[in-house]
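Asker: Take this structure first; my questions come after.
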Amino acid sequence: MTNSAAKPFELIAGHPVLDLVNTLDWRFRESGTEELLPDYAELLRFAEQSALISPRQARQMRQAASERTAKQTFQLVIDLREAAAAIFYALLDERTPSPDAIKKLDYHLHVAQANCNLHWAKGSGFTLHWTDTVNPQLPLWMLSQSAADLLVSEAAASLRECANAECRWLFLDTSKNRSRRWCDMKICGNRMKARRFKAQHKA
């Protein structure tokens, strides 16, 4: 059962794989990071809140996953997250993504695609279907496919990062003038405004 009392994930990115990268909070803070995705149970909660899986699927996966499978799947998701982060931040910094990060993401993509099939239906054409919609590793496959889909899409041109240098949460800027600067104005925007005010007051 989903822990309804748990704090909701801050899904501000406009894309599930970017929200996944953001689950390592304060990634660039000198005093250290904060892990928001500590285990498999929270991965399922993240996937459910992101609308990747249904509450029923989450319950079934929670019941089906052995301790070993849950731990292994969780570690693979973290591996995917960090490979995706390395690629996205390299693109934002106008650097060439590391071959190792690309290789890791490519590996996860191949595994994901090995677990989906092409289906044809009159009226809707071709669609991809997951072979096992309650497999404990389904969130991993879906996030892997999501990462690859974003990188080859036109939406990748809208990739941005929070202007707070210690935060740098990722998001897709869909604002009218492509002028969004903060992950969330209520959080980083207000903090940075307060910091500027203090600096000006001291001056």
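The values are calculated or read from the model by the stated rules, or taken from the named source; none is laboratory data. Fair warning: this is a prediction, and the values are worked out from it, not measured in the lab. Here the Cβ is made from the backbone with ideal geometry for all residues, glycine too, and neighbour counts use every protein chain on show. Ligands, DNA and RNA are stripped out before the accessible areas are found, and what is left, the full protein with its side chains, is counted by its heavy atoms. Shrake-Rupley method; radii C 1.70, N 1.55, O 1.52, S 1.80 Å.
Asker: For segment 63-76, which positions are in contact (Cβ under 8 Å) with a residue 40 or more places away in the chain and in a helix (DSSP H, G or I)?
Answerer: ALA64, THR69, ALA70, THR73, LEU76
Asker: Next up: Which residues, counting only those in segment 154-168, are outside any helix (DSSP H, G or I) and either aliphatic (A, V, I, L, M) or open to solvent by 20 Å² or more (accessible area, probe 1.4 Å) (or both)?
Answerer: Those that are outside any helix (DSSP H, G or I) and either aliphatic (A, V, I, L, M) or open to solvent by 20 Å² or more (accessible area, probe 1.4 Å) (or both): LEU159, ARG160, GLU161, ALA163, ALA165, GLU166, ARG168.
Asker: Within segment 119-130, track down each residue that is within 21 Å of LEU140 (Cβ to Cβ) and open to solvent by less than 90 Å² (accessible area, probe 1.4 Å). Even if it seems obvious, please write down each step before you answer.
Answerer: Keep residues of segment 119-130 that are within 21 Å of LEU140 (Cβ to Cβ), which gives 127-130.
Those that are within 21 Å of LEU140 (Cβ to Cβ) and open to solvent by less than 90 Å² (accessible area, probe 1.4 Å): THR127, HIS129, TRP130.
Asker: If you scan segment 11-56, which residues turn out to be part of a helix (DSSP H, G or I) and of a type outside the set (A, V, I, L, M)?
Answerer: If the condition is that a residue be part of a helix (DSSP H, G or I) and of a type outside the set (A, V, I, L, M), then PRO16, ASP19, TYR40, GLU42, ARG45, PHE46, GLU48, GLN49, PRO55, ARG56 are the ones that fit.
Asker: Next question, about the same structure. Within segment 94-115, does at least one residue satisfy the condition of being among the polar types (S, T, N, Q), in contact (Cβ under 8 Å) with a residue 12 or more places away in the chain, in a helix (DSSP H, G or I) and within 26 Å of THR133 (Cβ to Cβ)?
Answerer: Yes, the conditions are met somewhere in segment 94-115.
Asker: Suppose we keep only residues that are of a type outside the set (Gly, Ala, Ser) and over 20 Å from the mean Cα position of the chain (by Cα) within segment 49-65. Which one would you say is nearest to LEU37 (Cα to Cα)?
Answerer: Restricting to residues being of a type outside the set (Gly, Ala, Ser) and over 20 Å from the mean Cα position of the chain (by Cα), the top hit is ARG62.
Asker: In the list ASP19, ASP79, which residue meets the criterion of being in contact with a Ser or Thr (Cβ under 8 Å, 6 or more places away or on another chain), within 27 Å of ALA156 (Cα to Cα), free of Cβ contacts under 8 Å to residues at least 60 places away in the same chain and of a type in the set (Asp, Glu)?
Answerer: Checking each option against the conditions leaves just ASP19.
A quick yes/no check of all residues on (1) touching a strand residue (DSSP E or B) at 6+ places or on another chain (Cβ under 7 Å); (2) open to solvent by 30 Å² or more (accessible area, probe 1.4 Å); (3) at pLDDT 95 or above:
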| residue | (1), (2), (3) |
| --- | --- |
| ALA41 | no, yes, yes |
| ALA51 | no, yes, yes |
| GLU82 | no, yes, yes |
| PHE88 | yes, no, yes |
| LEU91 | yes, yes, yes |
| GLU94 | no, yes, yes |
| LYS104 | no, yes, yes |
| ASN117 | yes, yes, no |
| LEU140 | no, no, yes |
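Asker: Anything in segment 177-203 that is modelled with pLDDT of 85 or more and either over 19 Å from ARG27 (Cα atoms) or open to solvent by 100 Å² or more (accessible area, probe 1.4 Å) (or both)? List them, or say none.
Answerer: Within segment 177-203, ASN177, ARG178, SER179, ARG180, ARG181 qualify.
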